[in-house]
Amino acid sequence: MPFRILHLADLHLDRAFAGMGCQGDLARRRRLGLREALRRAGDAARSAGCDAVTVGGDLYEHERADLETGRFLAETFASWRPMRVLLAPGNHDPLLPDSLYARTEWPDNVHLFQTARLEPLVLADGLTLWGLAHLDPAWRGDPLDCAPVGGDGGVHLALFHGAEMGSRPDGKSVHGPFDAARIAERGFAAALSGHYHRRRLDPAARLVYPGSPEPLTFDEDGGRGPVLVTVDERGDVAYEPLALNAWWALTAACDLTGAGSFGSVLDRAVSAVRSAAASGPPERGMVRLELQGELAPEVTLDLPSIEVHAREAAGLASVQVRDGSEPALDLGAAAADPTARGMFTRQVLASLDAAAGDAEEQAVLADALRYGLQALGGVEVGLR
C-alpha cells in the first residue's frame with residue numbers, strides 16, 4: 001500500500017499582520033483564517049487517506065503565541081487521529097525551554113523532533129522520516145550535515161526548516177542553510193522543507209516547499225499550501241499540490257500619467273483595484289496598489305482617502321497604497337519663469353551641473369528641485 005503524507009509549513013499562527021496594514025477586526029479575521037487553514041489541511045489529509053501530516057516549521061510565532069494557541073493545536077491534532085502529526089520546529093517557533101512545544105501536553109499521535117541534527121523515525125516498513133528542530137531562532141547549521149542514509153535499501157525522507165541557498169529569494173533571512181544537491185547525496189528520496197513562503201515542487205532536486213497556507217505578505221501570490229506526498233510500493237515519491245487557501249493577496253500597478261485632478265486619480269485607482277479584485281472572493285482579498293507614472297505637480301495625493309475609496313468600491317478586505325509616482329515638471333518653463341520659482345529652478349540646475357559625477361549629491365539636488373517646485377507651485381508636498 002502507498003504511504004501518504006500531507007506536508008505543510010509556515011502557517012505562522014498568531015501573526016500580527018501589521019506589515020499588511022491589518023488592524024482591529026481585519027487583523028483578528030486574518031489570524032482566525034490561519035486556524036481555519038490548519039483545519040482545512042486536516043480535512044484534506046483525511047479525505048486523501050493520509051497516514052501522517054508533516055509540519056516543516058514556523059507553525060506559530062513564538063513571541064505572540066500563548067497557551068490557548070497550544071491548546072488549540074493539541075485539540076486539533078488529537079482530532080486527526082489515527083493520522084500521525086510530525087513536527088519540526090523552525091526559526092519562528094524554535095524549541096526553546098519556554099516554547100509552546102515544551103509547555104503543551106501533546107496527544108499521543110504527535111511526534112516532536114527535538115535535536116538540531118536529523119534523527120530517524122520509522123513510519124512504516126521500509127520508510128523512515130528524519131527530522132530536526134531549530135533550538136534557537138538564529139540557528140544557522142546545515143540540516144544536511146549528516147552521515148549518508150539509505151544503506152538498508154529503504155526509503156528515507158527528511159523533514160526540516162531551512163534556506164536552500166541556490167534559490168533564496170532576495171532579502172529572505174538565512175536559517176538552516178543547505179544545498180539542494182546534498183539531498184540526493186545524503187540518500188534522501190525527498191526533503192520536506194519549510195521557510196520559503198512560495199511553493200516549490202522540484203522532483204529533480206527532491207525538494208518540496210509547500211509555501212505558506214495563506215498569503216502573509218503582498219508579494220505572496222500564486223499557488224501555495226499543503227502538498228500531498230505519496231511514496232508508492234516501489235519507493236517512488238510523487239507530489240500533488242492542493243489549492244486550499246481562502247485568502248489572496250497581490251500587488252497591482254496604477255499609472256497616473258496625465259491625471260490632472262485628484263478625482264481622476266481616484267477613478268484610475270478604483271479601476272486598477274477592481275481589475276485585481278477578479279482574482280478571488282473580494283471579501284478575503286488584499287491588494288497593494290502601487291501608483292506610478294508622471295503626475296501633474298499641482299495634484300496633491302491623499303493616500304488614506306485613495307485606500308478607503310478603492311477598498312469600498314471593490315469590496316475588498318484591504319487596500320494599501322504606495323506612491324511611486326513622479327511629478328511631471330517642465331523644467332524649461334520653470335527656469336524661464338520670472339518669479340522666485342524661476343530663480344530657484346535656475347540655481348538648482350546650476351548646482352546639478354556643478355555636481356556632475358557625484359551621484360549622491362545629484363540625487364539630493366534632484367529631490368530638492370522636485371519638492372521645491374511643488375511647494376512654490378502651491379502643492380502640499382507633505383501629504384505625498
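The values are calculated or read from the model by the stated rules, or taken from the named source; none is laboratory data. If you're wondering where the values come from, they're calculated on a predicted model, not measured in any experiment. No Cβ is skipped: glycine too gets one built from the backbone with ideal geometry, and neighbour counts run over all protein chains shown.
When 315, 372, 342 are checked against the criterion of being in contact with a Pro (Cβ under 6 Å, 6 or more places away or on another chain) and not polar (S, T, N, Q), a single residue qualifies: 315. Taking segment 144-160 as the range and being at negative phi, out of contact with any helix residue (DSSP H, G or I) (no Cβ under 9 Å at 6 or more places or on another chain) and in a loop (DSSP other than H, G, I, E, B) as the test, the residues that pass are 146, 147, 149, 151, 152, 154. For residue 38, the stated conditions do not hold, so it cannot be described as in a helix (DSSP H, G or I) and farther than 17 Å from residue 210 by Cβ.
Looking at segment 254-261, is at least one residue out of contact with any helix residue (DSSP H, G or I) (no Cβ under 7 Å at 6 or more places or on another chain) and either of a type in the set (Lys, Arg) or surrounded by 22 or more Cβ atoms within 10 Å (Cβ to Cβ) (or both)? No, because not a single residue in segment 254-261 is out of contact with any helix residue (DSSP H, G or I) (no Cβ under 7 Å at 6 or more places or on another chain) and either of a type in the set (Lys, Arg) or surrounded by 22 or more Cβ atoms within 10 Å (Cβ to Cβ) (or both).
Residue count for segment 170-212 satisfying the condition of being assigned to a strand (DSSP E or B), crowded, with 20+ Cβ neighbours inside 10 Å and under 23 Å from the mean Cα position of the chain (by Cα): 8. Kindly indicate whether residue 319 is surrounded by 15 or more Cβ atoms within 10 Å (Cβ to Cβ) and either modelled with pLDDT under 90 or more than 30 Å from residue 282 (Cα to Cα) (or both). Answer is no for this residue. How about segment 65-90: which of its residues are closer than 16 Å to residue 34 by Cβ, in a loop (DSSP other than H, G, I, E, B) and at pLDDT 95 or above? Residue satisfying the conditions is 90 alone.
For segment 221-252, the candidate set comprises residues that are assigned to a loop (DSSP other than H, G, I, E, B) and of a type in the set (Asp, Glu); within that set, the residue that is surrounded by the fewest Cβ atoms within 10 Å (Cβ to Cβ) is 233.
Among the residues of segment 96-116, those that are within 25 Å of residue 17 (Cβ to Cβ) and either of a type in the set (Val, Ile, Thr) or touching a helix residue (DSSP H, G or I) at 6+ places or on another chain (Cβ under 8 Å) (or both) comprise 96, 100, 103, 104.
In segment 253-284, of all residues being in a loop (DSSP other than H, G, I, E, B) and of a type in the set (A, V, I, L, M, F, W, C), the one that is modelled with the highest pLDDT corresponds to 256.
Residue-by-condition table, conditions (1) within 30 Å of residue 184 (Cβ to Cβ); (2) free of Cβ contacts under 8 Å to residues at least 12 places away in the same chain:
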{"residue": "232", "(1), (2)": "yes, no"}
{"residue": "240", "(1), (2)": "yes, no"}
{"residue": "251", "(1), (2)": "no, no"}
{"residue": "254", "(1), (2)": "no, no"}
{"residue": "273", "(1), (2)": "no, no"}
{"residue": "278", "(1), (2)": "no, yes"}
